[in-house]
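Beneath this line is the structure, given in structure tokens, with notes to follow.
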Amino acid sequence: MNGSHHCLTNSGRGSAPVPLYAPRVFSVSDNSWVHQKILLIYGQTGDARQHSVDGNITIHHSQDSFPPITWPVYESHFKALVHLIPGPNKLRLEFTSSKIQNPIAHSSWVSINYLPLVNSPPLQLAIVLGSDSDGRFDAVPERISREGNGLETAIRKFRMAAYMWQSFTGEQMYRNKFGRRCFRFEEEWQVGTLSLRDAKSHQMRNEAKIHIIRCDRTVNDLRNLSVVGQGGTKSDASELFNVVLEAIKRYFGTGDGQMQYVSALMLDTHWDIGSQKITCHAAAGSDGDNIKLALFGSYALQSYPTAMEEVVTAFTDCTRTDTNFVANYRNECGSNWEAVNSGIGGHLRSIGRLFGCRNQESGIMCGDCILLNRSFTIREPYSTRTKAQGLRLCLNEDECNWHRLDTLRFRFHACFRLPRDSPPRSDDSVQVWPVDNGKILITSSAGIAFIEIYVDNDEICRSYLEYVDGDSGNNGIPKQIALTEAEIRRQTPGSTNKKRKIKLVIYSGILSTYTIDDISKLKSKHSTAKLPTGQVGYRGNKLGQALSLDSIPEQLFLECAFIQTKLLVSVKVYHNGFIYGLEFCYEDSTSQVFGHKNSNSTRSEFVFDTRRGEILMGFYVKMGRQIDGIGLITNLSRKSAVFGNGNGRAGHTLIPPRGYSIAGISGSVASCIEELSLIITR
């Protein structure tokens, strides 16, 4: 099992012996620091191999800061959700069983420190409705009479589902040795709903805010936009997604560069009995634009738990789905507990897309979310989907998980930042340099985090390289790596044959990417240049895009790189909103021009301190589709201003890798410089 195995002693009793059946928590160490309100824990009562016993474990909070909640124990194994308040939390775990005597003695203590974080963007939670919606969701009559199916019930269920996503993901990050990191929610002071007792007593707590957003379309309009068959066949849901996206944009507002991460529940999803179709449902996530949106329908909402006390009940409720009232989506929801998996797990998969995850070989992004119950309960009921009895014991290896590649993305995502992480860099560039001896050098000032390897036209990554040293932060990843095609092919079974195309997607430490579509074509005549000395120079990847019809390729070898008597004293930049030309000026009053001197442009000059041996080291480039602005970087770590448009969308650093220097520059030029890359040499 992951985590530290601690025999917890009863505080205040010194080294008193631990009772035989005292609960032991394996998933979190005593006095650990965590950053989420609801923590998923697992452990054992006694030794499951020698003294296996069934019973219950009740978690008591010091000073009764949260109502005690009881969780089942099977064959000495337990899983539980723990509510934490900011600061130290001293919890008493009490095990009772009708099969053992003196249950009061079988208790232990664990201390957990909860530090809420506010230095990362939150995952916003929203319920979306039609303009004329009455705020009711599909439910069977018995559910409606017991708990209602209105907006308040939907809010409680959605909030509980959100904290389950968070606790599951936080535990997965810890198991992948990325520390106690997870996404956070925007919280507000309100009547607590995470405990049934809070809801009844109107106890005020700081809990996740649920935004209520109405579209400008009616319920009928929304239901006509997306129709899904019970087997999963569906119409194009993109129009529904776009309508919701526009409503969310209007609600939150998106200032320039302002990013919002939103998980939205479509409340007006409806099972149409006559047509046997689910209307107004979408299972979609998008990580584009300034709004990152995960949208999911409410077809299974009635089965969700409304509070922590109902989690186990929800995951063990074998009540068959009554399709006279609610849908059995994709035949995954034959019973209530399976509907919980389909709904909460399916929505979590959409959240994965919001955070940039793709389809994977296994895990949540492969559809394993229908096994979500195994992370929260020890015993699994009969499944109508598999028509088989569930697992007698759900252990760690039986659970669904986030794929390692997903957790690598999360590790470097802005929503998962911890205070100890180094500040994110504004430079998101990744540079690839095919050099001598078959080597490929990859550089990034943000560091290289991992590389996905795709064979032929496969859309799923089956092999990858990672450069992450656990939870050590971006300082723990290399800024330069060297690979060969042979090394990469050895990583991928069956791809040693050079006829098989290998595609690489390289991720930096701030998740910017660079794609090499075919590694065998990386080393070609386009990647090398014959230098004036007869040696071979190597081109890096180009920045910008040659969009103009009159754009022509251009390259310039800097004389100072080959003639010892040539001393570069300054660089003149010709610019307005774009960069027209670069003039390299030498001590002997000669110069070289890349691009052209536009007579109507502004001319700015950067002068090197040649007495101190200052030389040109590289460029800092601001770009949208073209080169918008450029700055110069020297070997003395001095940077010029950004000439041209310094507000270009993306910033990129062009510096040769270690052991190489600038031999020249190449690119494409029309009325302005449209593409730019370095030519380097040893």
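The values are calculated or read from the model by the stated rules, or taken from the named source; none is laboratory data. Only a predicted model underlies this, so the values are computations on that prediction, with no experimental measurement involved. Here Cβ is always computed from backbone atoms with ideal geometry, including for glycine, and neighbour counts include all displayed protein chains.
At-a-glance table
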read-out	value
Hits in segment 28-77 (condition: in contact with an Asp or Glu (Cβ under 7 Å, 6 or more places away or on another chain), modelled with pLDDT under 95 and over 14 Å from residue 97 (Cα atoms))	48
Near pairs, Cβ below 6 angstrom, 6+ apart or cross-chain, from segment 365-378 (more than 11 Å from residue 346 (Cα to Cα)) to any residue that is among the polar types (S, T, N, Q)	373/341
Residues located in segment 380-425, provided they are without any contact (Cβ under 8 Å) to a residue 60 or more places away in the chain and either acidic (Asp, Glu) or within 15 Å of residue 121 (Cβ to Cβ) (or both)	380, 397, 398, 399, 406, 421, 423
Only listed residue being aliphatic (A, V, I, L, M), closer than 25 Å to residue 185 by Cβ and crowded, with 16+ Cβ neighbours inside 10 Å, chosen from 82, 73	82
Which listed residue, of 353, 358, 379, is touching a strand residue (DSSP E or B) at 6+ places or on another chain (Cβ under 9 Å) and at pLDDT below 95	358
Residue list for segment 534-548, restricted to those being part of a loop (DSSP other than H, G, I, E, B) and touching a residue at least 40 places away in the same chain (Cβ under 8 Å)	535, 540, 541, 542, 545, 546, 547, 548
Single residue of segment 195-219 satisfying the filter (of a type in the set (Ser, Thr, Tyr) and out of contact with any His (no Cβ under 8 Å at 6 or more places or on another chain)) that is nearest to residue 71 (Cα to Cα)	201
Residue within segment 382-400 that is modelled with pLDDT of 95 or more and under 24 Å from residue 282 (Cβ atoms) present	yes
Some residue of segment 257-270 being of a type in the set (Val, Ile, Thr), over 25 Å from the mean Cα position of the chain (by Cα) and closer than 21 Å to residue 144 by Cα	yes
Which listed residue, of 504, 531, 511, is modelled with pLDDT of 90 or more, out of contact with any His (no Cβ under 6 Å at 6 or more places or on another chain) and outside the structural domain of residue 453 (by TED's automatic domain parsing)	531
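Residue-by-condition table, conditions (1) assigned to a helix (DSSP H, G or I); (2) surrounded by fewer than 21 Cβ atoms within 10 Å (Cβ to Cβ); (3) not β-branched (Val, Ile, Thr):
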residue: 359; (1), (2), (3): no, yes, yes
residue: 362; (1), (2), (3): no, yes, yes
residue: 373; (1), (2), (3): yes, no, yes
residue: 377; (1), (2), (3): no, no, no
residue: 385; (1), (2), (3): no, yes, yes
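A quick yes/no check of all residues on (1) in contact (Cβ under 8 Å) with a residue 60 or more places away in the chain; (2) out of contact with any helix residue (DSSP H, G or I) (no Cβ under 9 Å at 6 or more places or on another chain):
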site: 532; (1), (2): no, no
site: 555; (1), (2): yes, yes
site: 564; (1), (2): no, yes
site: 588; (1), (2): no, yes
